[in-house]
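Before any comments, here is the structure.
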Amino acid sequence: MKNIILVLLFMAGNTLLAQNQFETTILNAETNEPLYGVSIGIQELNIGTTTNEEGKAVLRNIPDGEYDIEIRYIGFETRTITRTFPLSEEENKQEIRLQPSEEQMETIVIESTRSSRTFEDIPTRIEFIAGEELAEKGNMKPGDIRMLLNESTGIQTQQTSATSYNSSIRIQGLDGKYTQLLRDGLPLYSGYSGGLSLMQIAPLDLKQVEVIKGASSTLYGGGAIAGLVNLISKTPEDEQELSFMANLTSALGLDLSGFYSEKFGRLGTTVFASYNLGTPYDPADNGLTAIPKFERFTLNPRLFVDYDENTDFNIGFNFVSEDRLGGAMDYVENESGPGYFERNDTQRFSTQLLGNHRFSDNTSLQVKNSISLFEREIEIPDYAFTGYQVSSFSEVNLSTIQEDTEWIGGLNLWTEDFDQEQGDPNQDLSFSNYTIGAFVQNTWDIEQKWTLETGLRGDYQSNYGFYLLPRFSLMFEPSEKLTFRAGGGMGYKTPSIFTEEVERLQFQNVLPIDADEAEAERSIGFNVDGNYKWAITNDLNLSTNLLFFYTRINDPLVLNQTIGSFYEFTQPGGYIDSKGIEANMRWSYQDLKLFVGYTLADVNQHLNDETEQYPLVAQHRLNNVLMYEKHDNFWIGLEGYYYSSQELTDGSTGEPYWILGVMTEKRIGEKFSVFLNFENILDTRQSRFDTVFTGTLEDPNFRDIYAPVDGFVINGGFKLNL
């Protein structure tokens, strides 16, 4: 027995001696910094490990023989090296350098900061929606961008009309008038043209959507108190693109669109066209349209010219024509008879010009211009309002890059002219103004782990005077997996009649603003966030972000009802403040991805020595998405969104609710795919647990819309890429 034990121990000892280990240090090839959390594994043996904070790792229990060692890290090119064990001393403990992934960097080039830096090197906190995520959201709502924005943490789209479906963007709980909506950095949807804009922007010709939360006034001027949303259009690529999409909904809606882009030597072009049709839809059977009847046509052509190696420009225009009718179903279906109705006829036309000239590799000049014409007629029983807006934006800026710093400075000119063509002549809302602005911004690499971005803007507004707006952003990157950002700045918003409250009134009985009596609303805001990336195993990755924000708006403009049923803007003093948390967590494991987001928005108004919760803000929100995806083959996603109770303008409190959805797409061959989505499968509707209006269908009194009104809707269709 003793001899048998000795033999077994001898064999085990030889087996242990035959096991080898691989020691290495992983560095960033560009910075020579150690990379923490890099996955190192031998798939054949099903063994693996990760690097520590010094970038070191030890892979143990490797038998004798030749093996492929795979080295993987998020944002870097995967490397595979072959080693034959046992290793010599020279082969072991070698340093290995990983190159940043150029392919991934190309997908996250940010344009809103106008910087040449990559996404990871920008001190300003920016969120973006691009690639497959943008395509998935486009499948669900091909006709507009409401869902695209509403399902992002910290952003809520607020429906302002029960019958026309009109909506506005709220960032971190603040009113939609405090958010700037841009197209390729141009303010095409400002002022009167902001009405119905979310309903008239199709997402299918967008390359990406960029969101900056908090004061963003250095580069884009006043109005970006809560933040800005920049819609970036597709540009011609080396390969021709010709794509078509058709979508049909269970609410009898139809979306048809086509996109074409191609390069012809120094010339290039993109053309986007879409046709959207809505049928009056009343899932609550209460006699009112939850989805109005509408017909919309969109055309966006652009021409791109590479004049020479140093000069390029592009020109184009956007055209949208729409007829929208909502209200009592009997009236809308026949367009005659008794019952309440709301008709919106709109015509949009805007031009775009962007030019660039490079004096050298480090210095460039950019010129921008847009001219926007917008006409909208609103008609309700016994009242009609029509307005015509002409606005323009021009800018010239110069940027230069040095060894560790980057400068950009420029001049802007905004003009806005609004004429009331129809309405009450005793309350003419017409006005005209202009704003001249100058700005400078500097981005400075203080040292390897610290980057500071500072900016200063000065604006002169023809009716309200001069405003000076400083701003800063600081980034600290202690390691490749951990990044901290902090920022803050000041903003302003000049008085405007184009607000959510006025939209709800269809501009009826609203008195004009007296520029001699009113002042601009002034703001100050700060945010701090941390981002953490962890490659737990070869297949399991985690990315988290935690943001704390605070914004205060002094002397807010408030719409009050006066004697005689008129509405007047006043400034009672006091302030509005928004503070809270945004938490995001993204897990990925092989073909599975899980996103969990939470928003806490505590928004209060402190007016007339009283403090009240700001209406129509869900203090708690959850965003949950689970996705299974086989790349270029098939994907299916489950979505769940929770909204806590909201304070309403009539003093009551709305009910909390959940929205669940399922979305799928299957690729058939290389050029064809079909998709099918089940939106709001719980059929969550405000009409199921609360009222949408009181009174009669001839004279309804509409309440705040804080939950969906259209309920469960199925949509599906196909996409063709030629």
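The values are calculated or read from the model by the stated rules, or taken from the named source; none is laboratory data. Since we're looking at a predicted model, the values are computed, not measured. Cβ: placed from backbone, ideal geometry, glycine included. Neighbour counts: every protein chain shown. Calculation scope for accessible area: heavy atoms of the full protein, side chains included, ligands and nucleic acids excluded. Shrake-Rupley method; radii C 1.70, N 1.55, O 1.52, S 1.80 Å.
What the table below lists for this structure:
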item: Rounded to the nearest 20 debye, dipole of the range 425-569 from Cβ charges on Lys, Arg, Asp, Glu; result: 520 debye
item: Contour minus Cα-Cα distance for E519 and E610 (0.36 nm per residue); result: 30.6 nm
item: V617 long-range amide H proximity, modeled H, under 5 Å; result: E647
item: Flagged links, alpha-carbon separation over 22 Å, of K141/K213; K141/K234; K481/K593; result: K141/K213
item: Overall form of the range 468-533 per C-alpha gyration tensor (a/c, 1.5; a/b vs b/c); result: oblate
item: Accessible surface ranking that places the most exposed of W587, W444, W414 first, with a 1.4 angstrom probe; result: W444, W587, W414
item: Point-to-point label distance, N52-E447, nm (Cα→Cβ direction, 7 Å offset); result: 2.4 nm
item: Under the Debye formula (equal points on every Cα, no solvent term), log10 I(q)/I(0) of the range 532-660 at q = 0.09, 0.10 Å⁻¹; result: -0.44, -0.52
item: Karplus-derived HN-Hα couplings along the range 199-214 (A = 6.51, B = -1.76, C = 1.60, θ = phi - 60°), whole Hz, x at Gly and Pro; result: 7, 10, 10, 7, x, 7, 10, 9, 7, 6, 10, 10, 10, 10, 9, x
item: Nearest-0.05 FRET efficiency for Y460 and S394, computed from C-beta distance (R0 22 Å); result: 0.90
item: Loop-located GluC sites (Glu not before Pro) in the range 365-459 whose Cβ has at most 15 other Cβ within 10 Å (DSSP); result: E403
item: Where labels lie 7 Å past Cα in the beta-carbon direction, separation of E309 and N426 in nm; result: 7.1 nm
item: The chain: angle of helix 131-140 to the longest principal axis, Cα-based, in degrees nearest 10; result: 40 degrees
item: Computed over the chain: relative contact order in percent, which uses C-alpha pairs under 8 Å that are six or more apart; result: 10 percent
item: Theoretical ellipticity at 222 nm over the chain - DSSP helices of four or more residues, -39500 (n - 2.57) apiece, nearest 500; result: -2000 deg cm²/dmol
item: Relative contact order of the range 573-722, defined on C-alpha pairs under 8 angstrom at six or more residues apart (%); result: 15 percent
item: Gain upon complete extension [L505, Q240; 0.36 nm per residue less C-alpha separation]; result: 90.7 nm
item: E568 versus E95: modelled label distance in nm, points set 7 Å from Cα along the beta carbon direction; result: 7.4 nm
item: Cα-centred dipole magnitude for the chain, charges only on beta-carbon of K, R (+1) and D, E (-1), debye, nearest 20; result: 1420 debye
item: Cα shape, the range 283-372, gyration tensor, a/c 1.5 rule; result: prolate
item: Extension reserve of the L594-T78 stretch, reckoned as 0.36 nm per residue once the Cα distance is removed; result: 183.5 nm
item: Lys/Arg +1, Asp/Glu -1 at C-beta; the chain dipole; positive extreme among G55, A618, F689; result: G55
item: Accessible surface of V58 - all protein chains present, 1.4 Å probe, nearest 10 Å²; result: 40 Å²
item: Long-range HN-HN contacts of G75 with modeled amide H, under 5 Å; result: none
item: Calculated Rg/Rh (Cα atoms, Kirkwood Rh) (choose from [x] 1.02; [y] 0.98; [z] 1.07), label; result: [x]
